[in-house]
Amino acid sequence: MKRRKKMPQTQKGNPEYDALLSSISEIAKSFIALEETAVAAYKPIVDDIISLRSKDHMEIQRTLDGMLGFCGNPAMLQLYEKLCRYYFRLDPAATSDYIGFYLEQWEPERYKKIIKEQKKKKARKP
């Protein structure tokens with residue numbers, strides 16, 4: 001029977017642990033900065049789509065697609081919701097899909113619950 005090598009315990013104060021923690025912290029800071037940059041980039045796009053009353057479904061969908069990955073940022077989520085509210089008047093079905101995409105990625109438990117409820121409703125229909 002082979003013996004497993006004991007891995008050194010990583011604890012606070014251990015130089016390797018501290019270096020790892022520091023690098024993770026820097027990555028997190030970079031991601032936060034990227035989210036803020038994305039919000040700044042998408043805000044004028046969303047504002048233009050709405051103020052110009054764009055009916056370009058492809059432009060709206062590309063914008064929602066690009067924003068989705070940053071919806072963990074509350075400011076981006078507000079922009080995403082704002083654009084979804086606008087798009088709903090143009091295409092309720094597509095907007096519903098984009099709300100589902102958001103829920104699936106950012107609120108998976110809520111998404112699973114909604115899907116389960118929809119399946120129950122469909123099963124009850126004659």
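At a glance:
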read-out	value
Selection within segment 74-126 - aliphatic (A, V, I, L, M) and outside any helix (DSSP H, G or I)	none
Subset of segment 60-89 that is closer than 17 Å to residue 44 by Cα and of a type in the set (Lys, Arg) - its residue that is surrounded by the most Cβ atoms within 10 Å (Cβ to Cβ)	82
From 64, 20, residue being modelled with pLDDT of 95 or more, among the hydrophobic types (A, V, I, L, M, F, W, C) and assigned to a helix (DSSP H, G or I)	64
Checklist (1) at pLDDT 95 or above; (2) surrounded by 12 or more Cβ atoms within 10 Å (Cβ to Cβ); (3) out of contact with any helix residue (DSSP H, G or I) (no Cβ under 9 Å at 6 or more places or on another chain) applied to residue 92, failing item	(2)
Residue match in segment 43-61 (condition: assigned to a helix (DSSP H, G or I) and either modelled with pLDDT under 95 or within 12 Å of the chain's Cα centre (by Cα) (or both))	no
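The values are calculated or read from the model by the stated rules, or taken from the named source; none is laboratory data. Just so it is clear, the structure is predicted and the values come from calculations on it, not from any experiment. Heads up, the Cβs are rebuilt from the backbone with ideal geometry, glycines too, and the neighbour counts pull from every protein chain shown.
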